[in-house]
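The next block holds one structure in the form of C-alpha cells; read it before the comments.
FYI, it's all coordinate maths here, none of it is from the lab. The shown structure was predicted, so the numbers you read here are calculated from the model rather than taken from an experiment. Cβ: placed from backbone, ideal geometry, glycine included. Neighbour counts: every protein chain shown.
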Amino acid sequence: MLALLSSCEQNKYEPNTNVAPGGGTVTTYKSYTLTSATGATVYGRVVFYKYSSSVTLVEMGLYNTTSGTTYASSIYQGKLAESSATVLKPLGSISGATGEFSGSKFYTINEAGFYDKLASYSANVKIMAGTAMVASGNIGINATPVAQSQ
C-alpha cells in the first residue's frame, strides 16, 4: 500500500485550462489613470468592466504601494479640482503588498446600468492611506479613458 501511495504522489497532472465558450472573458471596459498626489509616489489605473447590464467589475492596479499598508478607495462626486468629500461608491480596500484589491481581483458594483452611465458621471477616484490621499484620477465626463473597448 505504501508503494501505491508514493507512485500516485509522483504523477504530475496538467491543469485543465479550457473554459466554456465565452466563459471567463470580459471584453467591454474603460480604463482611467490614477496619478500620485502631492508628496506621494503611488500611481496606477482603475478599470471598469461591463460584466452584465446589472454588474460592473472594477479592477485596481497601483504601483509604489507599501507592503503592510491597507489603502481605501472610493468614487467621489465631481472633478478632483472641486475637492468633494461626497462618496458616491466606496470601493474595496487595496493591499499594499500587491497594489490590488485585498479580497478579490475585482470589486463588484451591483447596480443596473452603472457601466452604461459611467461616461456621464461627474466623478473621480481617490486612493487614501488613512486620511492622506496618495493617488487619484477623474473618471466619467471628467476624463477620457486611456484605454477602452466597446
Chain lengthening between S104 and S67 when straightened (0.36 nm per residue, less Cα-Cα)
11.6 nm
List the lysines whose Cα sits under 22 Å from the Cα of K117, skipping any in the same chain fewer than 8 residues away.
K30, K50, K79, K89, K126
Can you run phi through the Karplus equation (6.51, -1.76, 1.60; θ = phi - 60°) for the stretch 109-115 and list ³J(HN,Hα) in whole Hz, with x for Gly and Pro?
9, 9, 9, 4, x, 4, 4
Name the residues whose placed amide hydrogens come within less than 5 Å of the amide hydrogen of G78, ignoring near sequence neighbours (fewer than 5 apart) on the same chain.
S122, A123, N124
Where the eigenvalues come from the Cα gyration tensor of the stretch 25-150, what are the semi-axes √(5λ) of the equivalent ellipsoid, largest first, in whole Å?
22, 17, 13
Net charge of neighbours whose Cβ lies under 15 Å from the Cβ of L57, counting Lys and Arg as +1 and Asp and Glu as -1:
+1
Given labels modelled 7 Å from the Cα in the Cβ direction, how far is it in nm from K79 to S52?
3.8 nm
Added length on full extension, which subtracts the Cα-Cα distance from 0.36 nm per residue, L88 to V26
19.9 nm
What is the distance in Å between the Cα centroid of the stretch 112-147 and that of the stretch 49-91?
7 Å
Net charge over other residues, Cβ less than 13 angstrom from the Cβ of G99 (K, R count +1; D, E count -1):
0
